[in-house]
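Shown next, in structure tokens, is the structure this report addresses.
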Amino acid sequence: MFPRPTPGPSQTKRKSVSVCNGKLQQFILSGGSMIITRTPFRITLGGGGTDLPSFYREHGGLILAVALDKYMFLSVNTPILDDKIRVRYSTSEMVDHVDEVQHTLAREALRYFGIPNGLEIVSIADIPAGTGLGSSSSYLVGLLNALHVLRQDQATPQKLAEEACYLELEILQKPIGKQDQYLAAFGGLTVLNIDHDGKVDVARMNLNVELLEALEQNIVLFYTHDVRDATTILQKQDAATRCSDQTVVSSLREIKDIGIEICSAITKGNLRRFGELMDLHWESKKRLSAGITNPQIDAWYELAKKNGAIGGKISGAGGGGFLMFYCEEKKSQLREAMRNAGLRELNFRFDFEGSKVIFDAVSRDGRLAHIQRQNNHENGLVLAAKSSG
């Protein structure tokens, strides 16, 4: 079992109004009392799918991904007039105890920190869920970050990523990999080497500014207007890998090898080769599951290649979300073709900060109310243990 968080030195209060979301900025400027975290989404550039346990336990995994300046904002506050839990996302929940919370990530995060009641959680995202940019893990990492701050407990990016992986993969048994949690926590252009035992080595890809900007400018993203639950696709891929399905396993090994070559090509400054390898990656990825692509996605991909794209792929597990392309000389032509086909471009820059606390101003009354609830909860546990003994 993953260890519980332990209290640490008090963090310096942080106040910042550099929030791109207008509603949160308005609240901050009005003097609101809360903790707010900002956690990036990500796109995968190489190795996608090799971060699932069913693969890396046998073959090791490799991921190259980069965080974007599109974010999940999480606010956490402690009520002072009641002990309710309020969770607000696409719907709203108000319950008396953590066990009643329907939002699985919020529920397990609160259980992990031993918080039975008395908390308000609000999430606002730049990008809708189900688009293949890792929104679920961004939510969880941002929430864990906020809860550590509430406890006045310093959390490193490594700790946040490991905790998020523990909750999603072990507690919730989600058929996902480890890249989303690590990219949400660390940000940047990042290489993940995953050992057979699941240990993740995190390395930043250090490029000169000109090369980094060229990579950033030559990657274009288009929204397909389709959202999907990746669970079904990943469950099929995971089951096939566990059963040693030769098509799936060999495709994942190809994807890992291509990912290694992509890392080498980018490091050497050969970005065109990166685009060509993306095209090879897409061919291998399509063999992982029937749900990854469909005739419409294939038609958009071919249209993009006819209009200047060197290579590309669908985001995340596939089936919808964003189409990502690498294009050098004909970006205007590509944009016009995709726009005429009904797709909307997402403008972005790379994010290099990872999950970040951008506002920390829980009121004195709120902090004391939280401490009192925690003391009551711990005293109740002690009494229960004594009575059962």
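Laboratory data are not the source of any read-out in this text; all were calculated from the coordinates shown. Remember, it's a predicted structure, so these values are computed and weren't measured experimentally. We place every Cβ from the backbone using ideal geometry, glycine too, and count neighbours over all the protein chains shown.
Centre-to-centre, using Cα atoms only, the stretch 142-165 and the stretch 214-267 are separated by 28 Å. By other beta-carbon atoms within 10 Å, ranking PHE41, PHE352 with the fewest at the front produces PHE352, PHE41. Ordering HIS377, HIS148, HIS225, HIS370 from the fewest to the most neighbouring beta carbons within 10 Å gives HIS225, HIS377, HIS370, HIS148. Each helix, a run of at least 4 DSSP H residues, gives -39500 (n - 2.57); summed and divided by the residues of the chain, these come to -13500 deg cm²/dmol at 222 nm. The residues LYS236, LYS306, LYS256, LYS331, when put in order of fewest to most other Cβ atoms within 10 Å, stand as LYS306, LYS331, LYS236, LYS256. The chymotrypsin sites (Phe, Trp or Tyr not before Pro) found in the stretch 59-147 include none that occupy coil by DSSP while having at most 12 further C-beta atoms within 10 Å.
With only the Cα atoms considered, the stretch 119-218 has a convex hull volume of 146 Å³ per residue. Would you kindly work out the equivalent ellipsoid of the stretch 207-302 from its C-alpha gyration tensor and give its semi-axes, the square roots of five times the eigenvalues, largest first in whole Å? So the equivalent ellipsoid measures 27, 19, 11 Å along its semi-axes.
Based on the Stokes-Einstein relation at 4 °C and a viscosity of 1.567 mPa s, and on the Kirkwood radius from alpha carbon pairs, the chain is assigned a translational diffusion coefficient of 59 µm²/s.
Residues with amide H under 5 Å of ILE358's amide H, sequence separation 5 or more or different chain, H placed in the peptide plane at 1.01 Å from N; which? Placed amide hydrogens put ILE36, THR37, ARG38 under 5 Å from ILE358.
Looking at this model, which pairs from LYS199/LYS313; LYS174/LYS256; LYS174/LYS331; LYS174/LYS306; LYS178/LYS306 are more than 29 angstrom apart at the alpha-carbon? Flagged as over cut-off: LYS174/LYS331; LYS174/LYS306; LYS178/LYS306.
In the frame of its principal axes, the stretch 172-258 has Cα extents of 45, 36, 28 Å, reported largest first.
What the phi angles of the stretch 167-178 give under the Karplus curve with 6.51, -1.76 and 1.60, with θ = phi - 60°, is a coupling list of 5, 6, 8, 8, 6, 8, 6, 6, x, 10, x, 10 Hz, glycine and proline written as x. Semi-axis lengths, largest first, of the ellipsoid equivalent to the stretch 53-184 are 26, 16, 14 Å, with √(5λ) applied to each eigenvalue of the Cα gyration tensor.
Histogrammed with a bin width of 5 Å, the alpha carbon distances of the stretch 115-172 distribute as 4, 16, 24, 25, 22, 8, 2 percent, first bin at zero. For the stretch 283-289, 3J(HN,Hα) computed residue by residue from phi via the Karplus equation (6.51, -1.76, 1.60; θ = phi - 60°) reads 5, 6, 4, 4, 7, 6, 6 Hz, glycine and proline entered as x. Sequence-ordered 3J(HN,Hα) estimates for the stretch 60-76 from the Karplus curve with 6.51, -1.76 and 1.60 and θ = phi - 60° stand at x, x, 9, 10, 10, 8, 9, 7, 10, 7, 10, 10, 9, 9, 10, 10, 10 Hz, glycine and proline given as x.
For PHE352, the residues whose amide H sits under 5 Å from its own are GLY188, ignoring neighbours fewer than 5 places away on the same chain, with H placed 1.01 Å from N. Nearest 10 degrees, 0 to 90: what angle lies between the long axis of helix 295-306 and the longest principal axis of the chain (Cα atoms)? Helix 295-306 and the main axis of the chain meet at about 60 degrees.
Here the chain is treated with +1 on each Lys and Arg Cβ and -1 on each Asp and Glu Cβ, and its dipole about the Cα centre works out to around 500 debye.
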